[in-house]
Amino acid sequence: MTAVRLPDWGRSPVVTELARPLPRDGQVLVRVEAVGLCRSDLHVIDADRGTMPFRPPFTLGHEVAGRITAHGPAAAVTVGRRVVIHGPWGCGSCLRCTQGRDNYCDRRAELSWAGMGLGLDGGMAEYVLVPSARHLVPIGDLDAGEAAPLTDAGLTSYHAVAGIRPRLGADSTVAVIGVGGLGHLAVQMLRALTPCRVIAVDVREEALALAERSGAHLSTKATTDTSRVLRATTSGTGVDAVLDFVGSRSTLDLGTRGLRADGDLVLVGSGGGELTVRKPGSLPPGSRISLPFWGSRDELADVVALSRSGALKVEAERFPLTAVHEAMSALRDGRLSGRAVLVPG
Ligand code: FEH
Ligand code: ZN
Ligand code: ZN
């Protein structure tokens, strides 16, 4: 089978041929119909040796939709069923993993992986071997190119929104900073799940247009003055929550300066920016800071249900699996609108 593998640290991914895996015990073999490309894939590819606990070579791809084609004798699944895969595979035995919250596995510090395609063989391939049926969520007739991004871009956005949702009343305002693969889905989820007003912030005109298509009440181009815009549109109080899908020094500064007292600063993006937390300091009193990571298997089922209800429109740009380097260049250069999705031949 064709697969995109990271051969070693400091090396570019290679498109190569591997033997198709054979499922044993409780394992499930999924024929990949679509696999999303994530900025974290680039972070893994660019990582220096020793900075991540992973041991290359392994197949990339942690955002996967496909069809069950075979399974081991202990897997209670139906061949032919179309599924998405919950990607943050943990130890499988701690309390968090048994609850489907592998994204917060209690033993992750002991593991040499962070999930499918993140130290373990993933789904940037024609087939992917899934350790357990507990990682699978049925998708019915959802288009695979739309379903795959739900497992990471969608799930991460949903989990981030879920953490602040109880505080988002009709009089609240949320700033979504960074409207790409994750941000455009977060805008849609905020509109579908809360009565809040949504302000989208990005540096790119096409991203602001995507934000408006996704339902943002206001979209504003990021400048050094944007915190004034956030305050001007909230009668001076600042926004009740910031969802930062970039995580750079400048976006964290913007979030800090535009946040209302007793507000939520949610750092999702891995842009490497730093935030100083001090009293007294730049953050307003009562600020809550959170760093949500991916989401749970049950939350993925919620996201799939939301998508099947028609509440989510995933903007996906499709590439053949073998055109992975073209897709990665487009992601690196900021030329994508929405999520890049690779489709095996
Ligand atoms: C995966 C691995 C490490 C950091 C971040 C991620 C995200 O892409 C998962 O949503
Ligand atoms: Zn990811
Ligand atoms: Zn665990």
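The values are calculated or read from the model by the stated rules, or taken from the named source; none is laboratory data. All of these numbers come straight from a predicted model, not from anything done at the bench. Because the Cβ atoms are built from the backbone with ideal geometry, glycine has one as well, and the counts that use them run over all protein chains shown.
Here is how the numbers come out for the structure above:
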| quantity | calculated |
| --- | --- |
| Counted residues, the range 1-31 - those being in contact with a helix residue (DSSP H, G or I) (Cβ under 8 Å, 6 or more places away or on another chain) and either surrounded by 19 or more Cβ atoms within 10 Å (Cβ to Cβ) or in a loop (DSSP other than H, G, I, E, B) (or both) | 6 |
| Residue satisfying condition, being closer than 25 Å to Val343 by Cα, modelled with pLDDT of 95 or more and in a strand (DSSP E or B), within set Val79, Val35 | Val35 |
| Meets criteria (surrounded by fewer than 19 Cβ atoms within 10 Å (Cβ to Cβ), hydrophobic (A, V, I, L, M, F, W, C) and away from ligand 2 (no atom under 16 Å from the Cβ)) for Leu111 | yes |
| Test: residue in the range 28-48 that is more than 16 Å from ligand 1 (Cβ to nearest atom), touching a residue at least 12 places away in the same chain (Cβ under 8 Å) and out of contact with any strand residue (DSSP E or B) (no Cβ under 9 Å at 6 or more places or on another chain) | no |
| Of the criteria (1) of a type outside the set (Ser, Thr, Tyr); (2) away from ligand 1 (no atom under 16 Å from the Cβ); (3) crowded, with 22+ Cβ neighbours inside 10 Å; (4) without any contact (Cβ under 8 Å) to a residue 24 or more places away in the chain, which one Cys105 fails | (2) |
| Answer from Arg297, Arg228, Arg318, Arg335 - the residue that is at pLDDT below 95, of a type outside the set (Gly, Ala, Ser) and out of contact with any Asp or Glu (no Cβ under 7 Å at 6 or more places or on another chain) | Arg335 |
| The lone exception for Arg67 - which of (1) buried (at least 19 other Cβ atoms within 10 Å of the Cβ); (2) in a strand (DSSP E or B); (3) among the charged types (D, E, K, R) it fails | (1) |
| Only listed residue being surrounded by fewer than 24 Cβ atoms within 10 Å (Cβ to Cβ) and either basic (Lys, Arg) or more than 16 Å from ligand 3 (Cβ to nearest atom) (or both), chosen from Leu129, Leu150, Leu120 | Leu129 |
| Some residue of the range 269-287 being part of a helix (DSSP H, G or I), of a type outside the set (Phe, Trp, Tyr) and either surrounded by fewer than 20 Cβ atoms within 10 Å (Cβ to Cβ) or free of Cβ contacts under 8 Å to residues at least 12 places away in the same chain (or both) | no |
